[in-house]
């Protein structure tokens, strides 16, 4: 029930947790009586917690009402993980997905246009049995066209006993050759790195509010505080510049972004 979710959120906030993440299988399908994911979020927006974040959400469930709810809130973070899975309608149908490429593109751009600094990441699979070269090229065109913040790329792995495995065993779907699969995966990884670097690059010279989660070291051995911006960008700031750095874990601080590191994390200095 929404009352239970609300009570749990209040309990976590009272215990000192700064960010609450809503998660579940197809979370946007949440229903309880007259309540849905939008009414639940509006209710949670009154909880005295710094941040509320939505986990992975299916593209066809990213409605205008949900987008507007996030856009109008200071607590609900401007970040969506919007799984793509396949970049062609033929593959999406074969997977049994409920959306088309056009739906994905439309919902993605609606969120970008409505929510300032919204970061959207995606999962995409390559090597689904029956994936043709044109199917793959359709995936490439889509991820290159959209201003994605990051990509999670994985290759299809058949599991014995599944419906897809049985289709392959019966000759109904043809596996993608291993060398082709690896080649396609490398192409998508390269695109993913370029997209992420481009998205991060637009924040150089800007100020961000970062919720710091840990004190750690960079590859070069520098002591830094690391955490995430409101739109889920990993940011690290030089710990030596703040005498009180040992007390900043679990707090939100404003930083000035100075650039992007080789490991695709934002470098920043504290704004004092």
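FYI, it's all coordinate maths here, none of it is from the lab. Being a predicted model, the structure only gives us computed values, none of them experimental. For neighbour counting, all protein chains shown are included, and Cβ atoms are generated from backbone atoms with ideal geometry for every residue, glycine included.
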Using Cα atoms only, what is the angle between the long axis of helix 101-114 and the major principal axis of the chain, expressed in degrees (0 to 90) to the nearest 10? 10 degrees
Report, to two decimal places, the Cα Rg of the chain normalised by 2.2 N^0.38 Å (N = number of residues). 1.12
Spin-label model distance (nm) - residue 152 vs residue 178, 7 Å beyond Cα toward Cβ: 2.6 nm
Cα convex hull of the range 1-132: mean projected area in nm², to one decimal? 8.7 nm²
Nearest 10 degrees, 0 to 90: what angle lies between the long axis of helix 133-145 and the longest principal axis of the chain (Cα atoms)? 20 degrees
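Where both partners of a DSSP beta bridge lie in the chain, what percent of those bridges are antiparallel, to the nearest 5?
Numbers: 24 of 42 bridges.
Around 55 percent of the beta bridges assigned by DSSP in the chain are antiparallel ones.
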Which order do the peptides 37-50, 74-87, 2-15 come out in when sorted by mean C-beta neighbours inside 10 angstrom, highest first? 74-87, 37-50, 2-15
Extended-chain gain in nm, criterion 0.36 nm per residue less alpha-carbon gap, residue 186 and residue 166: 4.4 nm
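Only bridges with both residues in the range 1-140 count here: give the DSSP antiparallel percent, nearest 5.
On the way: 2 of 11 bridges.
Counting only bridges with both partners in the range 1-140, antiparallel ones make up about 20 percent.
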Taking the 0 to 90 degree range and rounding to the nearest ten, how far is the long axis of helix 2-14 tilted relative to the main principal axis of the chain, both from C-alpha atoms? 40 degrees
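Let's test the formula: R0 of 22 Å, r as the Cβ-Cβ distance of residue 60 and residue 39. What FRET efficiency results, to the nearest 0.05? Don't skip to the answer; put the middle values down first.
Working: r = 19 Å, r/R0 = 0.86.
Calculated value: 0.70.
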When the expected Rg is taken as 2.2 N^0.38 Å, what fraction or multiple of it is the alpha-carbon Rg of the range 78-201? 1.10
If packing is taken as the average count of other Cβ atoms within 10 Å, what order do 54-62, 88-96 fall into, highest mean first? 54-62, 88-96
